[in-house]
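Note sheet for the following structure.
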């Protein structure tokens, strides 16, 4: 009798473990959305900037032409989808690519965009590298105020 009760308990545990594994695979299977081949390639010509730069490239995607996509980012509730990726040492005419792996908002990935016709705008946010006294370096975008008050001669790398 003990053997029968033990066998039923083991069967119950085995079935429970099987159901948990099936549930876990279904949950993770739902999150594995198909990737998209959609990609954006951005570059800048030497006539705009002759030196390499660090920063972040963005692609803003809107369903309407006006106002331009980058000016539509401030409305949190109806935000224009945008995606970004860091670039280090991006040279003139070198391509920076936004792929499905890029960070996005409000959709997290390019494959989350619904099919449709879009207006797309690219942007490069140039970072300035600050060298700290402890030897570390920090790259950050300058504030609008700093850009407006500093002359180009104080930042020859821009």
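The values are calculated or read from the model by the stated rules, or taken from the named source; none is laboratory data. All values reported here derive from a predicted model rather than from experimental measurement. Every residue, glycine as well, gets a Cβ built from its backbone with ideal geometry; the counts of neighbours run over all protein chains shown.
Quick check: anything in the range 70-91 at pLDDT 90 or above, buried (at least 18 other Cβ atoms within 10 Å of the Cβ) and in contact with a helix residue (DSSP H, G or I) (Cβ under 7 Å, 6 or more places away or on another chain)?
Within the range 70-91 (the criterion being at pLDDT 90 or above, buried (at least 18 other Cβ atoms within 10 Å of the Cβ) and in contact with a helix residue (DSSP H, G or I) (Cβ under 7 Å, 6 or more places away or on another chain)), the answer is yes, since at least one residue qualifies.
Given the criteria under 30 Å from residue 115 (Cβ atoms) and modelled with pLDDT of 85 or more, does residue 53 qualify?
Taking the combined requirement at face value, the residue does not satisfy it.
Could you run through the range 62-119 and say how many residues are touching a residue at least 60 places away in the same chain (Cβ under 8 Å) and in a loop (DSSP other than H, G, I, E, B)?
Keep residues of the range 62-119 that are touching a residue at least 60 places away in the same chain (Cβ under 8 Å), which gives 99-100, 109-113.
Still in the list and also in a loop (DSSP other than H, G, I, E, B): 99-100, 109, 113.
Result for the range 62-119: 4.
Name, by its number, the condition in (1) at pLDDT 95 or above; (2) in contact with a helix residue (DSSP H, G or I) (Cβ under 9 Å, 6 or more places away or on another chain); (3) over 22 Å from residue 64 (Cβ atoms) that does not hold for residue 98.
Of (1) at pLDDT 95 or above; (2) in contact with a helix residue (DSSP H, G or I) (Cβ under 9 Å, 6 or more places away or on another chain); (3) over 22 Å from residue 64 (Cβ atoms), only one is false for residue 98: (3).
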